[in-house]
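Working notes for the structure below.
Just so you know, all these numbers are worked out from the coordinates, no wet-lab data involved. All values derive from a computational prediction rather than experimental measurement. FYI the Cβ positions are ideal-geometry reconstructions off the backbone, even for glycines, and counts take in every protein chain you see.
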Amino acid sequence: MLDAARIRALAQEHGTPLYLLDIDQVLERAARLAAFDTLRYAQKAHPGLALLRALASRGYAVDATSGFEIERALAAGFSPDRIELATDVLDRRTLEVAATHGVRANLGSADLIEPYAASSAPRSCTLRLNPGFGSGHNKRVTTGGPHSKHGIWHEELPEALARAERAGLEVTGLHLHIGSGVALEGLAQTIEAMDAALAHAPATLERVSAGGGLAVPYDGGPEFPVDEYASAWLAARERWQERLGRALHLEVEPGRYLVAPAGLLVAEVRACKQTPDWNWVLVDAGFQTLARPLLYGAYHRMELLDATDRPLRPTVVAGPLCESGDVLTQSAEGEPRPVQLAQARPGDLLLIHDAGAYGISMASNYNGFPLPPEVVVQGGEPRLARRRQTFDDLLALEQDLS
Ligand SMILES: Cc1ncc(COP(=O)(O)O)c(C=O)c1O
């Protein structure tokens, strides 16, 4: 990432809050997953065009969750055969976009089989399984188990395969994604679930996808052991190939793992105050900028720029919104959760680390704030990839009915 002087200069030039994304770092992280035949980037984590272009031009594949994400991937230079639509609901427009561009779907509900087969979309599809269990850094990102809406319940896979056959659809892929921020502990169980699913493998099966969800150490701890993870999947693939007597292509579909550590959110301290329990620092970024703390009680490392000589204090950091939940340091239960921060003064710059995933992609216009700009770093050079939304942009969708 950039040094302090450059971050300060960029904040001055583009204002705050400001997102930075180090695409060089994303590419370096993507290369760590080279053991898989295909790395399919889950663009929901960060759908920036500059990033997608960089991934497309290096031959990676991409996951889209809607017709709009298919169109974004096409705009970034992915060919339709490098895009897969993963969804539990096929809205009419999404189906039309997939059909028009010939994008294969990963169907997460059996009821999507017939409408998909009846469209002019490719005659092959992937089926997403709910293996009966899930995992994740928060229950809201756990995407398997009886409480999850995602995937086809594992016991219903044979029936879904029969439906696909009746509809004239070839099932060429099986996919699992049990949640986001998944540790290695549950890996054996996940592989076993795919193993059980493969007992029903149709003759048309070509691919198995391990899904995404690889964890990121937001607390600065050790990195996710990608090599161990890849080895376990590769060894399983060997067994499955032997058992089925044919080659199987192995995919992985991370979002967060690639982009989270490569992103930085820069905010400015605008006010400091005390309540009997807490030392508050109020900044110009809130949950309209970074929703993860409010949604999941997610922890992000934070530091003040150029303040290493000041004493550290337990500090609760909050944003500018007229919402008491607009706290960037809170627990999953919504209680303030102080972080150690150098004594702040209005005008200081606050760096919020690991903000590259589900940061700008979840930003909103709540309280009238425009979406923030983003600078990307490529070949070591920072460039503005996305300008700040303007007031005119915000009004553009509305009619003057006066
Ligand atoms: C089907 C699927 N694939 C991949 C991902 C990416 O997850 P992560 O960003 O945690 O890797 C998700 C996230 O929700 C998902 O639902």
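Points worth noting:
- All other residues whose Cβ lies under 11 angstrom from that of Val97 are scored, Lys and Arg at +1 and Asp and Glu at -1, for a net of -1.
- Long-range amide H partners of His249 with built H, under 5 Å: Arg207, Val208
- The charge dipole of the chain, taken about its Cα centre with unit charges on the Cβ of Lys, Arg, Asp and Glu (plus for the first two, minus for the last two), comes to roughly 260 debye.
- Cα-centre dipole for segment 1-73 with unit charges at Cβ (Lys and Arg positive, Asp and Glu negative), debye to 20: 40 debye
- Among Thr126, Thr289, Thr94, a tally of other beta-carbon atoms within 10 Å of each Cβ gives an order, fewest to most, of Thr94, Thr126, Thr289.
- ³J(HN,Hα) computed for each position of segment 156-169 - Karplus, 6.51 cos²θ - 1.76 cosθ + 1.60, integer Hz, glycine/proline x: 9, 4, x, 5, 5, 5, 5, 4, 4, 5, 4, 7, x, 10
- Neighbour counts of C-beta atoms inside 10 Å place Leu18, Leu2, Leu341 in the sequence Leu2, Leu341, Leu18, starting with the fewest.
- Ranking Ala318, Ala203, Ala121 by how far each Cα lies toward the positive end of the dipole of the chain (charges on Cβ) leaves Ala121 at the top.
- Euclidean distance of C-alpha centroids, segment 101-168 and segment 223-288, integer Å: 24 Å
- For segment 144-153, backbone phi angles converted through the Karplus equation (6.51, -1.76, 1.60; θ = phi - 60°) give residue-by-residue couplings of x, x, x, 9, 9, 7, 8, x, 9, 3 Hz, Gly and Pro being listed as x.
- Integer Hz, Karplus 6.51/-1.76/1.60 couplings in order for segment 80-94, x for Gly and Pro: x, 6, 9, 10, 10, 8, 10, 7, 9, 9, 9, 6, 4, 5, 4
- The alpha carbons of segment 34-253 stretch over 48, 41, 34 Å along the principal axes, in descending order.
- Per residue, the convex hull spanned by the Cα atoms of segment 59-184 amounts to 111 cubic angstrom.
- For segment 10-110, with +1 on Lys and Arg beta carbons and -1 on Asp and Glu, the positive-most of Pro47, Thr65, Ala34 along the dipole: Ala34
- Exposure proxy order (Cβ contacts within 10 Å, fewest to most) of Phe391, Phe369, Phe68: Phe391, Phe68, Phe369
- Percent of beta bridges antiparallel (DSSP, the chain, rounded to nearest 5): 45 percent
- The C-alpha atoms of the chain occupy a region whose extents along the principal axes are 66, 55, 40 Å, arranged from largest to smallest.
- Relative contact order [Cα under 8 Å, 6+ residues apart], the chain, whole percent: 18 percent
- The amide H of Leu214, built 1.01 Å from its N in the peptide plane, has Gly181, Val182, Gly255, Tyr257 as neighbours under 5 Å, considering only residues 5 or more places off or on other chains.
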